[in-house]
Amino acid sequence: MAAPRLVLSVAFLAAAAPPPLLRAFYLPGLAPVNFCEDSSKYDCKSSIEVFVNRLDSVESVLPYEYTAFDFCQIAGEKRPSENLGQVLFGERIEPSPYKFTFNNEEKCKLVCTKEYDLKNAEDKQKLDFLKKSMLLNYQHHWIVDNMPVTWCYEVEDNQWFCNPGFPIGCYITKDGHPKDACVISSEFNEHNTFYIFNHVDIKIVYHVVENEAPTARLVAAKLKPKSFKHTNTDNPDCSGPPMDLSNDATDGKVKIAYTYSVTFEENKNIRWASRWDYILESMPHTHIQWFSIMNSLVIVLFLSGMVAMIMLRTLHKDIARYNQMDSTEDAQEEFGWKLVHGDIFRPPRKGMLLSVFLGSGTQILIMTFVTLFFACLGFLSPANRGALMTCAVVLWVLLGTPAGYVAARFYKSFGGEKWKTNVLLTAFLCPGIVFADFFIMNLILWGEGSSAAIPFGTLVAVLALWFCISVPLTFIGAYFGFKKNAIEHPVRTNQIPRQIPEQSFYTKPLPGIIMGGILPFGCIFIQLFFILNSIWSHQMYYMFGFLFLVFIILVITCSEATILLCYFHLCAE
């Protein structure tokens, strides 16, 4: 299965076509696949395979493997290997019995027939699972030449939306209200009845390769789901009423024949490098992303203005006043933040925890920056399945050294002596909490039989990465951190801590946390909406350029919010 060439995110869009310098450059193992009618004459493939991924639903958090359903399956074929990111995200790609020959059109071809006896407990259970999946609007996800097979339909204002999935079927409620995809046809009208999409019309769009052998590259794969109650299942003709499954039926037999038709169409305008564009263009539009960035920039400008005002006016005045003092008597009359200079660098009560969190935070910050940078260059595009998660996990594992170094350096500056505890907590506290949460959720998913459950072997592999690579690297970083001299403070700390005066409401911890959190959240909430949509609503996220820019803005916002909060706390002594 191939994936698109390197794509540069020039205008913050990972879907942009590559510049001329990169026309002949492909990432290793990600070259395009050429197809032709006769593979014996040219270096090309004549057979087109359809791969099936897990089925998922917006109404349920549990995805299931294709084999969990009683659909047409193929035995004996090896499933493609999956990388760490795909497994962690619950992708389960398998071969399917849907196979075509390039440029060979098929009409209503039978794939398989499934028969259910409603009096048989096992058959009834399979059919009930199918009905429950239709009720929750579970969606197929098919893949052709590493491209999602899309179902394109008109939404509003003559705009088309291309969904990288299509439903198993749909349901008409007891009062005759059509749910989900049942609105596409007036033939779906029986009350309290399920309609299964047992036929698909597939259209493969290709582009003939210029200046080369007479071969073609696939640039789109679209389908339309349909429902037919085939009267003659051995020789179907794809006509007649839809395939209905009554919810009231308790006995008798149900026979479902699965069929497909495939057509081929040449398109000279779509290039292979930009074949994902038609999917991405129908996703949430870029003007929302620009609104997000403008919103973030306004917050940054507001905070920058506040910081500049404090630095230029307040601090400048204070420093000028101290410089003009002639006598020591004047110097005694200190006020505001100057009063606490002897207590600023007093080691915090929870110095151990602070240093550990600083180390883990450094690790996550660098990991996020490098991952987003690579994503902006197109290395981690949606075509390169699982690459984003794999890159993030590998980077986190390899960045144990900076985590150990930062934690050790700050802990030493706080005057801490329990260096062994510090190193162990840096290596195990934050990752341990995440892994424990991950493991408990995985147990629940195992119990539900969901494809999102991580296999035991992958769990062992993740633990091996943590214990065998990340932990030793953390120890190495901590060793160098403790070897360095402690950070020198510009002022001496008083031996006796001064009394903290009665605090106003806004300098107390909870209001400080809320104020310090609202502004950074305001910067990222629109991007957060799209990211959570891509996880829970199964939409593709591809605007890594926007995300990288918002990430930089977020870092600046957090820094400036911290400066402001620190200044207000110092003024309140």
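What the table shows:
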item	result
Filtered residues of the stretch 240-273 (kept if assigned to a strand (DSSP E or B) and of a type in the set (S, T, N, Q))	Ser246, Thr259, Ser261, Thr263
Cβ pairs under 6 Å, 6+ apart, first in the stretch 390-419 and in contact (Cβ under 8 Å) with a residue 60 or more places away in the chain and on the phi > 0 side of the Ramachandran plot, second open to solvent by 20 Å² or more (accessible area, probe 1.4 Å) and in a loop (DSSP other than H, G, I, E, B)	Gly415/Pro347
So Glu115, is it at pLDDT 90 or above, at negative phi and either in a strand (DSSP E or B) or not β-branched (Val, Ile, Thr) (or both)	yes
Selection within the stretch 134-176 - open to solvent by 30 Å² or more (accessible area, probe 1.4 Å) and in a helix (DSSP H, G or I)	Leu135
Residue selected from the stretch 177-223 under the condition of a type in the set (D, E, K, R) and in a loop (DSSP other than H, G, I, E, B), by the criterion surrounded by the fewest Cβ atoms within 10 Å (Cβ to Cβ)	Glu210
Members of the stretch 407-424 that are part of a helix (DSSP H, G or I) and open to solvent by less than 50 Å² (accessible area, probe 1.4 Å)	Ala407, Ala408, Tyr411, Ser413, Asn422, Val423
Scan of the stretch 119-133 for residues that are surrounded by 15 or more Cβ atoms within 10 Å (Cβ to Cβ) and either outside any helix (DSSP H, G or I) or of a type in the set (Gly, Ala, Ser) (or both), ordered by number	Ser133
Cβ pairs under 7 Å, 6+ apart, first in the stretch 514-540 and in contact (Cβ under 8 Å) with a residue 24 or more places away in the chain, second charged (D, E, K, R) and open to solvent by less than 30 Å² (accessible area, probe 1.4 Å)	His538/Asp56
Asp237 vs. criteria under 33 Å from the mean Cα position of the chain (by Cα) and not in a strand (DSSP E or B)	no
Leu429 in a helix (DSSP H, G or I) and under 30 Å from Arg346 (Cα atoms)	yes
Qualifying residues in the stretch 54-69 (those that are closer than 21 Å to Thr113 by Cα and either free of Cβ contacts under 8 Å to residues at least 12 places away in the same chain or out of contact with any strand residue (DSSP E or B) (no Cβ under 6 Å at 6 or more places or on another chain) (or both)) - the one most open to solvent (accessible area, probe 1.4 Å)	Thr67
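Residues are listed down the side, and each one gets a yes or a no for (1) open to solvent by 60 Å² or more (accessible area, probe 1.4 Å); (2) at pLDDT 85 or above; (3) not in a loop (DSSP other than H, G, I, E, B):
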position	(1), (2), (3)
Ala15	no, no, no
Pro18	no, no, no
Leu21	yes, no, yes
Gly29	yes, no, no
Glu37	yes, yes, no
Asp43	yes, no, no
Lys107	yes, yes, yes
Val111	no, yes, yes
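The values are calculated or read from the model by the stated rules, or taken from the named source; none is laboratory data. Note that the structure is a prediction, hence the values are computed from the model and not measured. Ideal geometry is used to build each Cβ from the backbone, glycine not excepted, and the neighbour counts take in all protein chains shown. These area figures cover heavy atoms from the full protein model, side chains too; ligands, DNA and RNA do not enter into them. Shrake-Rupley method; radii C 1.70, N 1.55, O 1.52, S 1.80 Å.
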